[in-house]
1. Taking the condition surrounded by fewer than 17 Cβ atoms within 10 Å (Cβ to Cβ) and in the same structural domain as residue 195 (by TED's automatic domain parsing), does residue 120 pass?
2. Can you find a residue in region 414-430 that is without any contact (Cβ under 8 Å) to a residue 40 or more places away in the chain and out of contact with any helix residue (DSSP H, G or I) (no Cβ under 6 Å at 6 or more places or on another chain)?
3. Against the definition (within 22 Å of residue 368 (Cα to Cα) and within 44 Å of the chain's Cα centre (by Cα)), how does residue 191 come out, yes or no?
4. Using the structure shown, decide if residue 295 is at pLDDT 95 or above, surrounded by 24 or more Cβ atoms within 10 Å (Cβ to Cβ) and under 15 Å from residue 341 (Cβ atoms).
5. Which numbered condition trips up residue 559, out of (1) touching a strand residue (DSSP E or B) at 6+ places or on another chain (Cβ under 6 Å); (2) over 28 Å from residue 666 (Cα atoms)?
6. Could you identify the single residue in 728, 688 that is touching a strand residue (DSSP E or B) at 6+ places or on another chain (Cβ under 8 Å), farther than 30 Å from residue 995 by Cα, at pLDDT 95 or above and surrounded by 20 or more Cβ atoms within 10 Å (Cβ to Cβ)?
7. Is it true that residue 529 is closer than 30 Å to residue 781 by Cα and in contact (Cβ under 8 Å) with a residue 12 or more places away in the chain?
């Protein structure tokens, strides 16, 4: 007994209130809290109860509600909703009763404990929840109009017996309207009631009409069994008599009783199993009566298939649609359907042949009706449940033309995510959660033909035809009957150029799956091996060798914060990997690592491998956010992905950065334009697909030292256009593009060039530059010990080119450390000293996260800590560049992380040497210095850091310093503590990704944990304070100065951009809210374009005009769309994500986490907006001098030594 009987009822009433709701999709799969949860639990009176709780998003916060399931229960009030570390906590109250639920979320399931309180009484009970999705296509919906089903009896002169049929009349049926008619036939186990009783026909038709996917029609369901007087009573399948009864009795009866059209083009016939055979026999035999025929799992072929096709010419010219579909597991029938398909192909009769999941079941036939019903009585039937975005609604580069070749029927062929080309120019594609298909693209108006491959393999994220084989990277759990292919790399050999394949052979099993699992397979340019691309949730496979020194670590000096929502918490680096293996998949070498989720990759003609790595959009507007970026996958590189806030900055000397940053997005397929019949520029371009924003970028990569630099232009875009893969087909020189993924509407497009520029194939690649060749020569030492490596690489440790330095250091790290340890400790050149000491620390030390230490256990390499620190101490600090200073500080951090806490003498020496350098004029130096001084508990560091927070112009820089201080327990004054915690009140108004709130909460909680009770008591007021309203990120709130116009400021630009103040310009970039949306010099938001290079693209006047009048010319890359919904509501913004049939739209650039979900079925129209999402008036709070400082900052590209700042 939890409560006394009289009190128990009130608490039970509250628990009965938990009820159902409609879902609001999260911005990203993994944002597990948002959605509809159906709960099961037992109330204190031991009664089993169920209910639902709604969790939705309100900007960057969560909210929710309950609806009573018991009409006599009081309405509950939701007090709070919080989500962190995978746990959803929500508090519900009714009257004097309160229940606090805490549930651990694991995918679509939740389990936890609820605590109830009532008048001083309390107790616990267990509960579980299941996440609910939208109603199925065949489930009745209460919120839509419903049609009517009625029965009609008639006296048949054909059978001389009374018979009946059922009729579905659409909602709003009126005798003032003439309707087309579908005659829908049942199978051998049913009668005229079967489609409604077992097939949910009325619900399917109601839903299609409500979503405006189907033409309003009358659907007639006759009895398929008919026998003439004296006929054989054992012959149940008298199709001839049924056909006579249908044509002579049923159709005339329908046309006399109902308001229907009577032309052949307004009459369709379809059926399942026996009804499919009847539909083919009656339909194809009476082309003067029917223009639309559907056969679902068409069994009962009594005789040759040719008996159905008496008039091939009539079928070719008269039919609007001939549809054949069957479940792949429908043994005996799927083969007969395939035979009929081949016959129709031989006779050149246009038709659709669809094979999908399932067997001879109602689930298959319901999907068939759902798909077939959408094609009927339309001018141009399309092969999809919802057509992919029409080609004329796409924006493609000048001179190019896009064609929509095929809209994928989602319920049958899924959603395509990957593609390759076989030797005959056919495409092989993969449904993300299903089978593989072979596609013959239509040419010159011919239909694109899609054929399911007959092998039990699919769920592929990577496909490649090479070495007379189809390679398949299975990355999703998919069952084919009783077979479930293992996750990993499979090979299907072929001896006839891909016409047929042998059974799949597993070459290498991988652990980890899903969208961050194992992906692309790419042939090497020499035709001897394969590169394999894997994301950060695929565990590293067993290696035969590694070009990356296997000495990686997390290498964080201060405690790392896991993701604010708990995503991948505890997962250690290095993250995503690129491997090289032989065609048999036996020997695997690691090429590079440290990626987040690079989905694909490609070699350029110089033999360098490039990939397009993913950002973590939940990190947006935090200092550890890294945009999607094009990376040169240099030999031996670690690109620094680490979970949560631990991602390495791009400048770290033990990592590599990108060759080109793109911004927020979801990288998918990539390829170079080699072999395309495109102008030379695009033949050489690196094409990269962004799934979230529906854009394909053409990236021009030009040599830059030993590496490259990139420039991107939008090549193809649309809304929606969830791009998944891109290939160049060498047979026709065209680009083929797939869209789909996450069960969104899929399609296949072809892009060709129709402009006037020549498309002559480009010549041989240019010879490697001298620096490029030097990098290659150093990379040749990677992965092995070579007596020449140290001598060859050492001089280049201080090379001006970062990629040369990296290649040299990596070569040395692969050598026996005893051979170069003393050389590193005695090196006098600052650049070589920093690089070699970094290599030495990594080589002799072990990261404690990867190699946990037991108390008292000896620390490997600890004896070298003091010599290494001593060598670092010999560097001429004041003469070092800020870059060298930051790199030296990185080495200090790794030394103390790997080699242990310094002794008193070492600690004092380091503090004495570096304390006076803080603060610096460099943000990177300040960040690393503060981390190091906090770690060493340097006196007075809090005073200077708090002042630095106040001066920092961006929320990212402020967060960087606040994060470092959160663990400092000594050296604070009460005023400094108060100022530090007051910052969190301002930070409550920061805008950013989905994890921002969680990160801020962790910082504050960690800082509170350092307080002693007396401090906490004195600070209680600021700790408990709540934000009172919006505050500027930097500086004080500003008043209106003037409504600036272009003519007010243009005259001052010529002479006014001299002697400007760089630091004030940077600060004003923050105070004017520019950093909220735009990146500049590696910091800021990513909702708008990166402005770092604006000074090279715009004149001072043009740049000023774009800020003052943002809507005058809106970039296609950041143009908003206007979605008109069927209920008349308008949603304006940018599509940033998809989930099944839902578009996720960012409606406010200043609040990237304020998202609106729009289901495709709600959409009436989509068009581009002529109004910029950038607000006007941002400069109106600045005076003229401030505007000029800000303009100089923008034009300088972040270079404080620019002539504009010379006084």
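The values are calculated or read from the model by the stated rules, or taken from the named source; none is laboratory data. Please read these numbers as outputs of a predicted model, since none were measured by experiment. Cβ coordinates were reconstructed from backbone atoms using ideal geometry, including for glycine residues, and neighbour counts include every protein chain displayed.
1. Considered against the rule, which asks whether it is surrounded by fewer than 17 Cβ atoms within 10 Å (Cβ to Cβ) and in the same structural domain as residue 195 (by TED's automatic domain parsing), residue 120 comes out as no.
2. no
3. Considered against the rule, which asks whether it is within 22 Å of residue 368 (Cα to Cα) and within 44 Å of the chain's Cα centre (by Cα), residue 191 comes out as no.
4. The answer is yes for residue 295.
5. Condition (1) is where residue 559 drops out.
6. Values: 688 fails: farther than 30 Å from residue 995 by Cα.
So the residue among 728, 688 that is touching a strand residue (DSSP E or B) at 6+ places or on another chain (Cβ under 8 Å), farther than 30 Å from residue 995 by Cα, at pLDDT 95 or above and surrounded by 20 or more Cβ atoms within 10 Å (Cβ to Cβ) is 728.
7. Considered against the rule, which asks whether it is closer than 30 Å to residue 781 by Cα and in contact (Cβ under 8 Å) with a residue 12 or more places away in the chain, residue 529 comes out as yes.
Yes or no, residue by residue, for (1) assigned by TED's automatic domain parsing to the domain that holds residue 453; (2) under 27 Å from residue 458 (Cα atoms); (3) at pLDDT 95 or above:
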{"residue": "516", "(1), (2), (3)": "yes, yes, no"}
{"residue": "519", "(1), (2), (3)": "yes, yes, yes"}
{"residue": "567", "(1), (2), (3)": "yes, no, no"}
{"residue": "576", "(1), (2), (3)": "yes, yes, yes"}
{"residue": "594", "(1), (2), (3)": "yes, no, yes"}
{"residue": "610", "(1), (2), (3)": "yes, yes, yes"}
